[in-house]
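J.: This is the structure, below, for whatever I ask next.
The values are calculated or read from the model by the stated rules, or taken from the named source; none is laboratory data. As the structure is a computational prediction, the values presented were derived from the model and not from experiment. Don't worry about glycine lacking a Cβ; one is built from the backbone with ideal geometry, like all the others, and counts go over all protein chains shown.
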Amino acid sequence: MERLADMKRNRPDQYDQMGAIAHLSLGHYEAAKAAAKQLGRNVSAPADREA
């Protein structure tokens, strides 16, 4: 999901060509990540693991 979020930020034209499922999935992921952050959870992606 982090790679998809990166694509949305850095290559919006390519992201726009992705299907609705990818857009919905990223939306749910970002909402869950924001909710976890509000609860004080660490939401940073592990640097030592491939996504």
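J.: Please find, within segment 1-30, the residue that is farthest from Ser44 (Cα to Cα) out of those that are aliphatic (A, V, I, L, M) and surrounded by 10 or more Cβ atoms within 10 Å (Cβ to Cβ).
T.: Met18
J.: Something else: Could you list, in sequence order, the residues of segment 1-19 that are assigned to a helix (DSSP H, G or I) and not aliphatic (A, V, I, L, M)?
T.: Across segment 1-19, the qualifying residues are Glu2, Arg3, Asp6, Lys8, Arg9, Asn10, Pro12, Asp13, Gln14, Tyr15, Asp16.
J.: Right, here's the next one. Just name the residue that is modelled with the lowest pLDDT out of those in segment 33-51 that are farther than 22 Å from Pro12 by Cα and either surrounded by 10 or more Cβ atoms within 10 Å (Cβ to Cβ) or among the basic types (Lys, Arg) (or both). Walk me through it before giving the result.
T.: Start the filter on segment 33-51 by keeping residues that are farther than 22 Å from Pro12 by Cα, which leaves 35-44, 46-50.
Filter again for either surrounded by 10 or more Cβ atoms within 10 Å (Cβ to Cβ) or among the basic types (Lys, Arg) (or both), leaving 35-37, 41, 43, 49.
Working: Ala35: 94, Ala36: 93, Lys37: 93, Arg41: 92, Val43: 86, Arg49: 56.
Result: Arg49.
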